[in-house]
Structures are given as structure tokens and as C-alpha cells.
Amino acid sequence: MKVISNYINGQLIAPQSGQYIDVYDPSVGEVYAKLSDSDNRDVGQAVQAAKKAFPVWSGMTTEKRSAILLKIAQGIEANFEKLALAESIDNGKPLKLAQEVDIPRAASNFHFFATGLIHFASESHSMEEGAINYTLRTPIGVVGCISPWNLPLYLFTWKIAPALAAGNCVVAKPSEITPMTAFLLSEICIEAGLPAGVLNIVHGYGNKVGQAIAEHPQITAISFTGGTVTGAHIAKIAAPMFKKLSLELGGKNPAIIFADCNYEKMLDTVMRSSFANQGQICLCGSRIFVERPLYEKFKLDFVQRTAQLKVGDPLLENSNLGAIVSEPHMNKVLSYIDLAKQEGGTILTGGKRVKLEERCKNGWFLEPTVIEGLSYDCRTNQEEIFGPVVTIMPFDTEEEVLMYANSTQYGLASSVWTENLSRAHRIAAELKTGIIWTNCWLLRDLRTPFGGMKNSGVGREGGWEAMRFFTEAKNVCIKY
Ligand code: NAD
């Protein structure tokens, strides 16, 4: 059985506790690897290694740092098939999705920030009083990066790459539910010649390793992606120490469909935005609002297409949906389907666990589910389910749909479908979400600010936003 070690000070090492956690393959429902059950001792060791490496890494020329990070990007590309397979086994996602989205994007994250760091510049402001200000942007020191299970390597590298590019040393923790590709990344970093201690990956539970990262006084900035409750907990620990925080949290994203949309393009994309990765993408649109003249047609076509989706072995080419990431998460999603029924919802398709045969007979699979007949403010439409479950609802006016869309505690992303340009701009200005996709979904330009409003987070990732987060700005004012 594969053993997942920590990566500390350039070495793959066992946790101090000597204990290991079971890692499951969700498509077969069985343990397939053992994960280091680390604690604050391992985090302490990682922080010491990171501190020691910091002068060398932060003092390196940008060209040299860039070259090492590019080698990591190339290492991801060279191990493409291995990483995609590992991601699919660890997470339950269709192999095809890992090949098309997760792993290429992980390589892009390193490539993007490795090249970006060469162009990272600071501002200067001259004054009529005969003075000039210039901003120095210096790396922070040792930073913490904590990531979730839904897009394991994709989101892990989305934090680590800018943190390293900006000249910091990192103590990182992937989700204990999907740690495999982070472990494979540590092997790639060793091969790429990343100096010891620059990146340290400490595996284990959130309430031990994550907590220790949040609490450690020498980790002075934390970039976290995960649930809103966990984010609030980290913020509480970090606030009295005035740590810099970037929090990317939960969502309950609306998809707003106007009758004048390009129907076929919309239908294809809304199928994806509803059920990609079994609906376990923080950006999936789980509340679908359809302008009334289009509602019945949309309902018929959408339900029919959803019912035709194949839930199957993630390793098979023709599976549209793979497994749900864990048994507890599957049960949580099922409990929300029960709640929807109690709240008066009608299940138009799906709603049940899927029992596959042979290899996957004990796996955790769910039918893609469409529900109608619920009010915008019921729990099903307000709480994050994070599974292959969407609700559909008609609306009559822009004001009404904006009220529905903005009614939740979340404000991560939304998608809008209309061919009316004025309306597209009007709606975008009124939506209270950090990301708005019009006539598309998950079309990502890595230069753009990424993140949520309200309880979906604090701060933005992406492009210069990330480089600025991972540096301290110092203004120097010189009078001449
Ligand atoms: P989670 O909050 O349970 O865990 C996220 C990470 O935090 C894991 O590594 C976990 O071990 C760690 N953690 C848990 N307790 C901790 C603690 N006390 N201190 C420090 N770290 C701790 O989230 P999850 O279930 O892994 O992921 C799903 C959630 O992530 C959903 O809410 C989803 O919307 C959100 N998400 C958000 C984005 C975004 O960009 N906004 C992207 C992906 C996922």
C-alpha cells in the first residue's frame, strides 16, 4: 500500500507521531493508501526548515527563481498521465476531467507565476512638493497554504506557485481526503531542484496540521481555500496575531437564464456548470433561475439531458460523473435531497444513490438531481450542498431574479445567459458575487481577480492580486 510521507526540508519523511490515516478510493469505497498523521511538531519542523531556506530563496535572482518554478511546471507536464490517474483515483472524478482540467491547470499555475514574477513591478508616485514615492514589495517570509479536496492539485498549486514566485517559503497542507497528487508534487519538486525547505508539505487532519499552521506565530500569512465555517475558525485564530489572510470559501451560485439567450450554447454549458466534477466545484451553479417564457422548454430539455448522463467508473472514457469524494459527503448530499422533499420540492430526475457493478460495487455514487417547486429562501436554496444537485425556478423580472440571486450569505460566482448586451452589463453591476460569467462558465484567465464577496471569502487570488497578497508593500518617500 502506498505510504504518503511529509515533505520537509527537502526530504520525504515520516510523521513524528508514527501514525497514519486511511485514504480511500471513493469509486471502490476502499482504503488504498496511508497518509502521515502529522501534528504541531511536524509543522514546527517545517517552519524551521522554511525559515532557514528563506534568505537563499528570497535573495535569489528572479530569473533563477523563475527557472526553478518552470522546471516544476515541466515536471507536472512530464508526469501528466500519472498525476491525472492519481487525481481520479483519489478524488473519484472522471479521469477525462483530470486530464482535461485539473492537471493541465496545475502546470499552468506554475508556468503562469514562474513567468509572471519576472514582470512583477512596483509603483512610483511623484509629488508636486518635490518628492517621489516608490513602493518596495518584499516577500513576507514563511507563509501557510491550506487547500480542499475538490480540485486537489489545481487549487494547491494555485496558492503555492504565487507564494513561491513572490519569494516566500511555504508550509502547505492539502486535504487529508485527497493528498496523493500533493505528495507526487513533492517528488517533482525534489527532481526540479527546488532548494530544501522552500516548500514543505505537511499532511494530516485539519484540526491538527491546519490548526497548527493557523496558530504558528512565525507563519505570518495564510492563504486558505475551503468551507466558510473553517475559514471563520482560521480567521478567529489569525486575527489577534494580525496575520495576512486570503480566504476562498463556500458558494451557492446562481445561473440566471433569460429567454433571449443562445439556447443550445446555454444548455450545453449549464449541463457542465451543474454537474462537472459531480457538482463539487465551488463555482458550479446550483440555483438555476429561468425566465418564465423559457421555463417549461428548459425544464423538459434539461431534465432529459440530465437523466441521460452516465454515472460510472471514473476510469472509463464514457462516464460523465464519477464518485462522490467520501461516504460522509455522499450522505450529506443525500440528506439535502431529503430536506428538499420536506421543504416541498419535487425531484424531477435523480435523487438516489447509484449502485454500480464489479470494481465499483461499493463506491459512492449519486444520480445527478434536478429539483423544482422550492422557494428561493428555503434551506435547500440557501445552504451549500456541494454535490450533483440543482434546483430550478422561474422568474418574471430582472428585479425579482436579482433579489433571488443575491439572497444567500454567499457571493462567489454567478452565470448569466442573455443576448441583450445592456441587460448583461446591468445585471453584472447588480450581482453581489466576485465573479460573473456571461454566456460562458469557468472560462478562466489567470490574470483576473478570483474570489468571493460576503461569506464566500476575503481577498482575491490570481495575477497581481496574488503576488501582492504574498508580498509586503513598503512605501519609500524621498524629498529632493
Ligand atoms: P474544509 O473547510 O473542510 O477543508 C479545507 C481544508 O482546511 C482541508 O485541508 C482541511 O484539512 C483544512 N482544515 C480543516 N479544519 C481546519 C482547522 N481547524 N484549521 C485549519 N485548517 C483546517 O473544506 P473541504 O470540505 O475540503 O472543501 C469544500 C469546501 O471548499 C466547500 O465549501 C467549497 O465551496 C469550498 N471551496 C471554495 C473554493 C473557492 O475558491 N472559493 C474552491 C474550492 C472549494
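Observations on the model:
- Of all residues in the range 232-253 being charged (D, E, K, R) and assigned to a strand (DSSP E or B), the one that is nearest to the chain's Cα centre (by Cα): Glu248
- The single residue among Asn439, Asn475 that is among the polar types (S, T, N, Q), modelled with pLDDT of 95 or more and in the same structural domain as Asn168 (by TED's automatic domain parsing) turns out to be Asn475.
- Among the candidates Ala239, Ala232, Ala221, the residue that is open to solvent by 20 Å² or more (accessible area, probe 1.4 Å), under 30 Å from Lys52 (Cα atoms) and within 16 Å of the ligand (Cβ to nearest atom) is uniquely Ala239.
- Restricting attention to the range 162-183 and to residues that are within 19 Å of Ala84 (Cβ to Cβ) and out of contact with any Pro (no Cβ under 7 Å at 6 or more places or on another chain), the residue that is most open to solvent (accessible area, probe 1.4 Å) turns out to be Ile177.
- The range 289-310, subset among the hydrophobic types (A, V, I, L, M, F, W, C) and touching a Ser or Thr at 6+ places or on another chain (Cβ under 7 Å), residue most open to solvent (accessible area, probe 1.4 Å): Ala307
- Sole exception among (1) open to solvent by 10 Å² or more (accessible area, probe 1.4 Å); (2) farther than 26 Å from Gln278 by Cα; (3) out of contact with any helix residue (DSSP H, G or I) (no Cβ under 9 Å at 6 or more places or on another chain) for Glu398, by number: (3)
- Selection count where residues are closer than 19 Å to Ala428 by Cβ, within 14 Å of the ligand (Cβ to nearest atom) and in contact with a Phe, Trp or Tyr (Cβ under 6 Å, 6 or more places away or on another chain), scope the range 247-272: 2
- Pair list, Cβ < 6 Å and 6+ apart or interchain, from the range 182-210 residues that are under 13 Å from Lys71 (Cα atoms) to residues that are away from the ligand (no atom under 14 Å from the Cβ) and acidic (Asp, Glu): none
- Filtered residue count, the range 417-467, keeping only those that are surrounded by 18 or more Cβ atoms within 10 Å (Cβ to Cβ), within 29 Å of Thr138 (Cβ to Cβ) and away from the ligand (no atom under 14 Å from the Cβ): 2
- Verdict on Gly387 being buried (at least 18 other Cβ atoms within 10 Å of the Cβ), under 25 Å from Ile160 (Cα atoms) and not β-branched (Val, Ile, Thr): no
- The lone criterion from (1) within 16 Å of the ligand (Cβ to nearest atom); (2) part of a helix (DSSP H, G or I); (3) at negative phi; (4) touching a Pro at 6+ places or on another chain (Cβ under 8 Å) left unmet by His329 is number (4).
- Every test in (1) among the hydroxyl-bearing types (Ser, Thr, Tyr); (2) touching a helix residue (DSSP H, G or I) at 6+ places or on another chain (Cβ under 8 Å); (3) under 30 Å from Glu472 (Cα atoms) is passed by Ser27 save one, and that test is (3).
- Test: residue in the range 419-427 that is in contact with a Gly (Cβ under 7 Å, 6 or more places away or on another chain) and either assigned by TED's automatic domain parsing to the domain that holds Phe113 or assigned to a loop (DSSP other than H, G, I, E, B) (or both): no
- Residue list for the range 46-64, filter: in contact (Cβ under 8 Å) with a residue 12 or more places away in the chain and of a type in the set (Ser, Thr, Tyr): Ser58, Thr62
- Qualifying residue in the range 110-130 (condition: outside any loop (DSSP other than H, G, I, E, B), within 14 Å of the ligand (Cβ to nearest atom) and modelled with pLDDT of 95 or more): no
- For the range 353-384, filtering for residues that are away from the ligand (no atom under 16 Å from the Cβ), charged (D, E, K, R), outside any strand (DSSP E or B) and buried (at least 17 other Cβ atoms within 10 Å of the Cβ) leaves 1.
- Ala161 being within 25 Å of Glu63 (Cα to Cα) and away from the ligand (no atom under 16 Å from the Cβ): no
- When residues in the range 175-217 are screened for being away from the ligand (no atom under 16 Å from the Cβ) and over 20 Å from Ala165 (Cβ atoms), 2 of them pass.
The values are calculated or read from the model by the stated rules, or taken from the named source; none is laboratory data. The shown structure was predicted, so the numbers you read here are calculated from the model rather than taken from an experiment. Heads up, the Cβs are rebuilt from the backbone with ideal geometry, glycines too, and the neighbour counts pull from every protein chain shown. In case anyone asks, the SASA skips ligands and DNA or RNA and just uses the protein heavy atoms, side chains included. Shrake-Rupley method; radii C 1.70, N 1.55, O 1.52, S 1.80 Å.
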